[in-house]
Structures are given as structure tokens and as C-alpha cells.
1. What is the residue count in region 1-10 for residues that are assigned to a helix (DSSP H, G or I) and either in contact (Cβ under 8 Å) with a residue 60 or more places away in the chain or under 8 Å from the mean Cα position of the chain (by Cα) (or both)?
2. Give just the number: which of (1) surrounded by fewer than 12 Cβ atoms within 10 Å (Cβ to Cβ); (2) under 13 Å from the mean Cα position of the chain (by Cα) does residue 40 not satisfy?
3. With the requirement that a residue be outside any loop (DSSP other than H, G, I, E, B) and touching a Lys or Arg at 6+ places or on another chain (Cβ under 8 Å), what does region 11-27 give you?
4. Of all residues in region 1-25, count the ones that are of a type in the set (D, E, K, R), surrounded by 12 or more Cβ atoms within 10 Å (Cβ to Cβ) and within 12 Å of residue 35 (Cα to Cα).
Amino acid sequence: GACAEIRRWVYDGGKDCHNRENQCYGQVIRRDQESALTCWGINQ
């Protein structure tokens, strides 16, 4: 539930960060890292 939702929070200023043209793709990478660390205790 909540662990999967972390990855959905990838908007910056109303722009979808999955679209690399919006120049905020770092949000996507950060959310993936936070999800792994918080939900599964994986140290990266």
C-alpha cells in the first residue's frame, strides 16, 4: 500500500517528472531510492 504510493509523488510545480523534458527526473530516482530504503530496508 503505502510503500507503492511513495513512487507516485513525482510532480514538481505541477509537472510530471516521468517526462524527462520537464527537467525534474531526479524526483523519480529519489522516490525509487526512498521506497527501497523505507519499505524494504535496502541500503544503497
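Every number here is computed from the coordinates shown, using simple stated rules; none is lab data. This one's a predicted model, so the numbers in the text were calculated from it and none came from an experiment. Glycine also receives a Cβ, built like all others from the backbone with ideal geometry; neighbour counts cover every protein chain displayed.
1. Here the count works out to 1.
2. Of the numbered conditions (1) surrounded by fewer than 12 Cβ atoms within 10 Å (Cβ to Cβ); (2) under 13 Å from the mean Cα position of the chain (by Cα), the odd one out for residue 40 is (2).
3. 22
4. Final tally of qualifying residues: 1.
Listed here are the residues, each with its yes/no results for (1) free of Cβ contacts under 8 Å to residues at least 12 places away in the same chain; (2) in contact with a helix residue (DSSP H, G or I) (Cβ under 8 Å, 6 or more places away or on another chain); (3) acidic (Asp, Glu).
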| site | (1), (2), (3) |
| --- | --- |
| 14 | yes, no, no |
| 17 | yes, yes, no |
| 21 | yes, no, yes |
| 36 | yes, no, no |
| 39 | no, yes, no |
